[in-house]
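Computed from the coordinates by the stated procedures, all read-outs in this text should not be read as laboratory data. Remember, it's a predicted structure, so these values are computed and weren't measured experimentally. Cβ coordinates were reconstructed from backbone atoms using ideal geometry, including for glycine residues, and neighbour counts include every protein chain displayed.
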Amino acid sequence: LRNTTVRISYDTDRTRLHAKTYTFHRNNGFSTSYIGSSNLSNPAITSGLEWNVKVTEQDSYDIIQRIEKTFETYWKDPEFIEYTPESRERLQRALSKERRSEIDLRPVFDIRPYYYQKEILERLKAERELHNNYRNLIVAATGTGKTVISAFDYKSLVQRPGGYPRLLFVAHREEILKQSLQVFRGVLKDQNFGDLLVGGNEPAQIEHLFTSIQSLNSRNLPMITPPDYYDMIIVDEFHHAAAPSYQRLLTHYTPKVLLGLTATPERMDNLDILEYFNEKISAEIRLPEAINRKLLAPFHYFGVTDVVDLDTVPWKRGTYDPAELSRLYTGNQQRADLIIRAVQDYTTDLHDIIGLGFCVSVEHAEYMAAAFREAGIPAACLHAGSSREERSTIQKRLVTREIHFIFVVDLYNEGVDIPEVNTILFLRPTESLTVFIQQFGRGLRLSDGKECLTVLDFVGNHNKNFPFGERIAALLSPGGKTLVEQVSRDSYSLPKGCYIHFEEKARERVLANIRANITNRATLIRKIRSFEDETGEPLSFKKFLQRYSLQPLDVYRRGTFCSLAAEAGVYPGTYADERLFPRTAAIRLATLNSPEAIRLIRAALSDPCHYSPAALSDREKSILALFYYSLSDVPLRDENMGIEEIFSDLFAYDEIRREICDLLEYNGAHIEFLPKPVDLGFENALELHATYTRAQAFAALGHYTLTWKPAGGSREGVVYLEDKKADVFLVTLNKTEEHYSPTTMYKDYAVNEDLFHWQSQSTTSASSPTGRRYIEHERRGSRVLLFVREYNKVDGVTQPYLFLGTARYVSHEGSRPMSITWELDDPMPPGFFLKANKMVVG
């Protein structure tokens with residue numbers, strides 16, 4: 001085809017581009033597109049029975065623009081490679097691989113990580129280089145490509161071509177080891193890398209070894225290698241690692257990096273695997289992301305109104321009294337009838353059910369199994385007293401649908417793991433979010449014939465401290481309306497194919513619970529007042545966040561911690577005056593994640609004598625100004641004031657200073673990226689991919705100083721700093737008419753990780769002085785700085801900007817406004833790219 005360019009993705013497992021759209025672009029403003037089912041063939045275009053719709057630029061300008069921009073993002077995605085005559089053999093191999101049913105381990109394309117895998121790799125890098133944690137656990141569902149992540153993680157440790165660090169990869173099955181070895185060879189582009197020690201395979205070397213735990217022990221590998229022999233040890237399915245067979249491996253070796261991969265961090269025998277990873281999970285793939293990627297089955301969740309009143313059940317140390325729950329549930333025929341009726345109402349065919357019911361006690365589980373059998377629904381129960389043979393037999397009977405339900409007490413304690421499960425009953429309140437997600441996840445495993453998981457959650461009149469809101473929030477996709485709004489309307493932001501519905505009374509109970517929990521000022525005050533009695537520990541902001549699994553903004557939406565503690569009667573009444581530490585200031589600091597700024601501010605608050613402004617470098621002064629303008633909007637009159645004078649209220653009130661230090665410590669511990677300074681040709685305190693408010697950004701640039709800032713501040717989205725020869729772009733992607741006028745709702749989005757489409761102010765033309773400055777910025781020695789955020793506000797809180805770094809002019813279209821494509825000097829973070837790109841393709 002002459003005058004035709006074709007781009008192809010060769011990864012048949014990864015890319016399923018099924019969009020059929022034919023666009024005819026015309027410079028006269030009369031472009032047209034045909035969208036529908038027709039292939040580009042004679043029958044499809046002429047006589048075939050097809051569904052198509054024609055849209056025109058004149059009538060549907062926004063749709064045409066959306067189509068063109070979506071096509072642009074695909075066209076410029078490195079996934080799609082330009083086809084040339086030399087590519088013919090490669091294309092034939094890819095097509096042949098797709099048609100073959102047998103496994104073909106030879107890669108026909110360069111293995112590249114998905115964006116969500118890149119995000120995990122970034123977090124691993126931050127864990128090690130920023131937090132000095134080299135024992136890392138990744139939690140991700142089966143099928144999410146944990147092996148690919150581990151291979152790229154290993155590749156990042158390779159300092160020079162062929163200079164491979166010593167690697168030990170341990171898995172429990174030969175097929176997994178063979179496939180993992182091929183993945184590593186593909187990622188490293190070295191088909192000679194690594195050897196197998198499993199089954200009948202004899203390795204030629206042991207420096208880069210893929211082995212089973214059985215072979216490792218039978219060949220006595222720890223006896224012939226010293227503890228520090230391997231630089232990196234990767235253990236697949238690490239939840240097996242608490243078993244005795246893994247102890248020689250884990251106790252003998254001391255690698256520089258230990259990487260664990262698992263879908264379920266909770267062991268089925270209650271043994272803790274987090275002890276091997278400094279009691280933390282380094283990275284995990286969120287449930288909504290995994291469902292959208294079709295790595296887990298979608299769910300249909302129904303909140304059913306329960307007949308049992310839980311408001312009178314004793315609530316101690318964050319949990320219900322299990323004995324009292326068991327007493328209320330066991331033998332309760334009215335409740336059993338309700339549960340059976342709900343199963344009949346909310347499932348399509350009783351004969352297709354492969355279900356699990358979670359109970360509070362052995363007696364409860366036995367009672368429920370008997371009640372279901374009496375109703376004609378075959379069921380059994382499993383508990384700690386069940387023999388291994390009994391467990392195996394009952395699980396097989398469930399899979400073959402000889403029975404339809406197994407009632408269990410604690411699923412992960414009882415060893416029930418059945419991918420075919422398609423129905424789950426929550427028959428007891430589950431206070432722990434981790435346990436809830438683990439139990440929920442048992443039904444999300446993909447299995448032939450499973451369309452979705454049906455979940456019935458029986459909603460009682462819960463104690464006001466029961467955290468129902470976090471359970472629902474964990475199931476939702478990010479970026480939707482507030483949780484209260486979604487539950488109120490019974491309309492949810494969900495992964496593809498998922499559904500949530502609450503019965504009317506159940507929804508009222510959940511709404512009341514959410515409103516009474518965390519987000520309510522009175523509830524926070526009550527929790528603060530009872531903290532020391534409940535925990536036996538002295539109150540602090542840090543401990544309060546840990547105790548209730550809160551983030552700082554959960555508190556700051558209702559007040560500063562000190563003011564709430566004063567209102568609770570725990571701190572002196574003077575702390576109730578929020579003018580000492582305004583809530584708006586606390587919110588600004590709560591989003592600060594620049595490691596260098598956090599370190600300097602904490603040090604200055606702890607030891608002010610060593611941080612006199614006169615003795616600080618320009619960069620340090622910028623950080624001090626950043627902190628100051630987080631607390632105040634009014635410049636200082638005297639630049640010679642000391643730290644204690646500048647922040648006199650903080651040093652006069654110890655608890656406020658302690659709260660800020662706790663806040664900054666929290667921020668520092670939760671940084672998930674590896675920042676770096678940015679060379680702008682002048683001293684500045686900005687760090688790449690950190691977030692800043694507008695005032696913090698200008699202070700970090702040295703534009704705002706302790707004694708000067710523009711009167712009234714600057715509200716424009718573009719600010720040119722003439723003395724620094726820098727254009728600062730402050731971009732909000734998701735604009736609404738509430739916050740932007742029609743003349744300022746510019747169209748900004750990411751084309752790919754390196755290219756950003758930005759629309760200028762409505763008065764800017766290519767021939768104007770401003771337009772020429774943009775186009776000629778490199779020749780003029782001027783820089784373009786890009787700060788971007790997804791929303792102006794979330795839940796009423798103004799959002800900070802992510803600093804994407806410097807950018808270079810590539811091209812432009814149009815005039816008044818100009819549409820400019822910028823190339824970033826550093827790729828944007830993969831997680832943020834998905835947000836910035838969805839404005840086009842989402």
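In a shell of Cβ-Cβ distance under 10 Å around G36, excluding G36 itself, what net charge do Lys and Arg (+1) and Asp and Glu (-1) give?
Around G36, the charge tally is +1.
Can you list the aspartates and glutamates whose alpha carbon is less than 18 Å from that of K280, not counting same-chain residues fewer than 8 positions off?
Within reach: E119, E122, E127, E129, D236, E237, E266, D272, E665, E672.
Give the residue from N734, L338, S150 lying farthest towards the positive end of the charge dipole for the chain; charges sit on Cβ (+1 for Lys and Arg, -1 for Asp and Glu) and the dipole is referred to the Cα centre.
N734
For a quick protection proxy, order the peptides 794-802, 459-467 by their average other-Cβ count within 10 Å, most packed first.
Highest mean packing first, the order is 459-467, 794-802.
In the chain, with Lys and Arg counted as +1 and Asp and Glu as -1 at Cβ, which of these residues, A365, T523, I660, has the Cα nearest the positive end of the dipole, that is, farthest along it?
It is I660.
What's the FRET efficiency of E420 with E366 using the Cβ-Cβ distance as r and R₀ = 22 Å, to the nearest 0.05?
On the way: r = 24 Å, r/R0 = 1.07.
After rounding to 0.05, the efficiency reads 0.40.
If I take every Cα pair under 8 Å that is 6 or more residues apart in the chain, average their sequence separation and divide by the length, what percent do I get for the relative contact order?
It comes to 9 percent, rounded to a whole number.
Greater than 20 Å separation of Cα atoms is the criterion. Which listed pairs, K118/K835; K294/K396; K20/K69; K481/K835; K155/K294; K125/K543, meet it?
K294/K396; K155/K294; K125/K543
Going by the alpha-carbon gyration tensor, a ≥ b ≥ c the square roots of its eigenvalues, is the stretch 235-327 rounded (a/c under 1.5) or, if a/c is not under 1.5, prolate (a/b greater than b/c) versus oblate?
oblate
Just need the Rg to Rh number for the stretch 115-285, please, alpha carbons only, Kirkwood Rh.
Taking Rg over the Kirkwood Rh, I get 0.93.
Compute the signed sum of charges (Lys and Arg +1, Asp and Glu -1) over the other residues within less than 9 Å, Cβ to Cβ, of L259.
Residues near L259 contribute 0 overall.
For a footprinting-style exposure proxy, rank C661, C498 by other Cβ within 10 Å, fewest first.
C661, C498
Please report Rg (one decimal) and Dmax (integer) in Å for the Cα set of the stretch 132-212.
Looking at the stretch 132-212, its Cα Rg and Dmax stand at 12.7, 40 Å.
For R341 and F71, compute 0.36 nm times the residue count separating them, minus their Cα-Cα distance, and round to one decimal in nm.
92.2 nm
With label points built 7 Å along Cα→Cβ from the Cα atoms of D826 and R391, find their separation and express it in nm.
Inter-label distance under the simple model: 4.9 nm.
Run a plain Debye calculation on the stretch 302-516 (Cα atoms as equal point scatterers, no solvent) and give log10 I(q)/I(0) at q = 0.09, 0.12, 0.17 Å⁻¹, rounded to two decimals, same order as the q list.
-0.34, -0.61, -1.28
At 7 Å along Cα-to-Cβ for each site, give me the label-to-label distance between D633 and W51 in nm.
It is 5.3 nm.
Could you go through the stretch 301-316 in sequence order and give the Karplus-derived ³J(HN,Hα) for each residue, using 6.51 cos²θ - 1.76 cosθ + 1.60 with θ = phi - 60°, rounded to whole Hz, and x for Gly and Pro?
10, 10, x, 9, 5, 7, 9, 8, 8, 8, 5, 9, 6, x, 10, 10
Using label points projected 7 Å from each Cα along Cα→Cβ, tell me how many nm separate D309 and K280, to one decimal.
4.5
Cα to Cα, under 20 Å, and not fewer than 8 places away if on the same chain: which lysines meet these conditions relative to K724?
K621, K709
Can you tell me the length gained on complete extension of the stretch N792 to A512, counting 0.36 nm per residue apart and subtracting the Cα distance?
Computed gain between N792 and A512 is 98.0 nm.
Go ahead and estimate [θ] at 222 nm for the chain from helices alone: -39,500 (n - 2.57) per DSSP H run with n ≥ 4, summed, over the residue count, rounded to 500.
Using -39500 (n - 2.57) per qualifying helix, the result is -10500 deg cm²/dmol.
Over the stretch 115-285, calculate the relative contact order: mean separation of alpha carbon pairs under 8 Å at least 6 apart, over the residue count, as a percent. Kindly include the intermediate steps, with their values, before the conclusion.
Numbers: 280 pairs, mean separation 54.6, N = 171.
Reported as a whole number, the value is 32 percent.
Only four residue types carry charge here, +1 at the Cβ of Lys and Arg and -1 at the Cβ of Asp and Glu. Report the dipole size of the chain about the Cα centre in Debye, rounded to the nearest 20.
1560
Sort W822, W315 so that the residue with the fewest other Cβ atoms within 10 Å of its own Cβ comes first and the one with the most comes last.
Details: W822 24, W315 17.
Ordered from fewest to most neighbouring Cβ atoms within 10 Å, W822, W315 come out as W315, W822.
What ranking of L221, L564, L721 emerges when the number of other C-beta atoms within 10 Å of each C-beta is taken as an exposure proxy, fewest first?
L721, L221, L564
Would you give the gap between the C-alpha center of the stretch 171-225 and the C-alpha center of the stretch 615-671, rounded to a whole Å?
Distance between centres, Cα-based: 54 Å.
What do you get for Rg/Rh of the chain when both radii come from the Cα atoms and Rh is the Kirkwood radius?
Rounded to two decimals, Rg over Rh is 0.97.
How much length is gained if the chain between C609 and L157 is pulled fully straight, taking 0.36 nm per residue apart and subtracting their Cα-Cα distance, in nm to one decimal? It would help to have the intermediate numbers written out before the result.
Values: separation 452, 0.36 × 452 = 162.72 nm, distance 4.14 nm.
Extra length available between C609 and L157 comes to 158.6 nm.
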